[in-house]
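To start, the structure itself, in structure tokens.
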Ligand SMILES: *Cc1c(COP(=O)(O)O)cnc(C)c1O
């Protein structure tokens, strides 16, 4: 047994790419029994009437059959809900992470690069690496996390990226970039620009209406932050010429029967989710005010379901650990990027969870 294990270890060393072996696996911290404010999940349980409809639907599915490879019914519902016209293409992913992967795989010609902003969503950089795309990260402005236009336009000129990802609102900073600046980037980019609207349910603006006006603009969304992170359903809308190519490398049954049906059922109950999003936005306003009263806390404005906070110098780690001790899990960003020194990210929870967080925080000062 021991020698077989050693032999497979040697085999792994010989066969697996060096860059993959050098990575550490994406770490998800244990959270059993904790108040979970680390991962931008919707804190509300599924409404009763939805659970009832859903159970009925699930019982009727034929699990011995492969799912609809095009998720046609769901596609029609999404087109209606998001206002995606028939002149545009629509592609589903097993979460938007899979869509990032499909885009990167399709565009990974030798020497091609993927550009995004830092601090930003870490999956862009990670997936670029997996797929052999050169990654270029351009720092945001330190003062307000806005786009650094001279630096971005310069990087676009120099690297000619095949793909640019911009999250709108941005994670982990929570802000919306200026629309005119984003449009300027779309026009300056020699490659594709994907506006990642994962937090659209909580934001006041969207790029969806610009689709079709630019040959290189695509919009990506997900049901994850909408309240269905467990389903793994993301989608990408944009010019058919690109979507049709990407569809060729999509694994044919990437959305399983249950996810398709559950998402469809959820869309039929869209007003319930809209109400949850409204509650979360109201809680965000309240939580932002409450956090700003804590000693040394700077709270950044957010259009997402989380708040970025900067603590007094050297306090982020202590506060993160103290909260963990008190049973509240948030995200420590300090140490992940120079612009995030002393920073923490807190997902907006239910009013009760937010109160518990505040009580725990007050206990630390
Ligand atoms: C959470 C998040 C996603 C969601 O990814 P899924 O795979 O759809 O869960 C995408 N983009 C950003 C910027 C995010 O923060």
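A short reminder: the numbers here are calculations on the coordinates, not readings from a lab. Not measured: the values here are computed from a predicted model. For neighbour counting, all protein chains shown are included, and Cβ atoms are generated from backbone atoms with ideal geometry for every residue, glycine included.
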Computed lengthening from residue 293 to residue 229, 0.36 nm per intervening residue step minus Cα-Cα distance: 19.9 nm
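Provide the convex hull volume over Cα atoms per residue for the range 116-196, in Å³.
Working: hull volume 6.4 nm³, N = 81.
In the range 116-196, the Cα convex hull volume per residue is 79 Å³.
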Packing rank of 29-41, 276-288, where each peptide gets the mean count of other beta carbons within 10 Å, highest leading: 276-288, 29-41
Kirkwood hydrodynamic radius of the range 39-193, from inverse mean 1/r over distinct Cα pairs, in Å: 18.3
Two-site FRET efficiency, residue 179 against residue 286, from Cβ-Cβ distance with R₀ of 25 Å, rounded to 0.05: 0.35
Simple spin-label estimate for residue 7 and residue 213 in nanometres, 7 Å along Cα-Cβ: 6.4
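What does the extension gain come out to for residue 249 and residue 158, with contour length at 0.36 nm per residue minus their alpha carbon separation? Before the final figure, lay out the partial values.
Details: separation 91, 0.36 × 91 = 32.76 nm, distance 2.92 nm.
Gain on stretching residue 249 to residue 158: 29.8 nm.
Percent of Cα-Cα pairs more than 19 Å apart in the range 28-86, please. It would help to have the intermediate numbers written out before the result.
On the way: 1078 of 1711 pairs.
When every Cα pair of the range 28-86 is considered, 63 percent fall beyond 19 Å.
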GNM top mover of 161, 150, 338 - the chain, alpha-carbon springs below 10 Å: 150
Relative packing of peptides 315-325, 11-21 - highest average C-beta neighbours within 10 Å first: 315-325, 11-21
Percent antiparallel among DSSP beta bridges (both partners in the chain, rounded to 5): 50
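Kindly provide the helix-only [θ] at 222 nm of the chain, computed as the sum of -39,500 (n - 2.57) over DSSP H runs of four or more divided by all residues, to the nearest 500 deg cm²/dmol?
Calculated mean residue ellipticity at 222 nm is -13000 deg cm²/dmol.
Starting with the highest mean, order 291-299, 192-200 by the number of other Cβ atoms within 10 Å, averaged over the residues of each peptide. Could the numbers behind the result be given before it?
Values: 291-299: 14.9, 192-200: 25.1.
The densest-packed peptide leads the list: 192-200, 291-299.
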Cα-Cα separations in the range 173-284 greater than 22 Å, expressed as whole percent: 43
Spatial separation of Cα centroids for the range 1-61 and the range 337-365, in angstrom: 25
Potential extension, residue 241-residue 336 segment - 0.36 nm per residue separation minus Cα distance: 30.5 nm
Whole-Å semi-axes of the chain's equivalent ellipsoid (Cα gyration tensor): 31, 27, 25
Between the range 116-172 and the range 308-328, the Cα center-to-center distance that results, in Å: 28
Rule-of-thumb Rg ratio for the range 227-365 [Cα; 2.2 N^0.38 Å; N residues]: 1.35
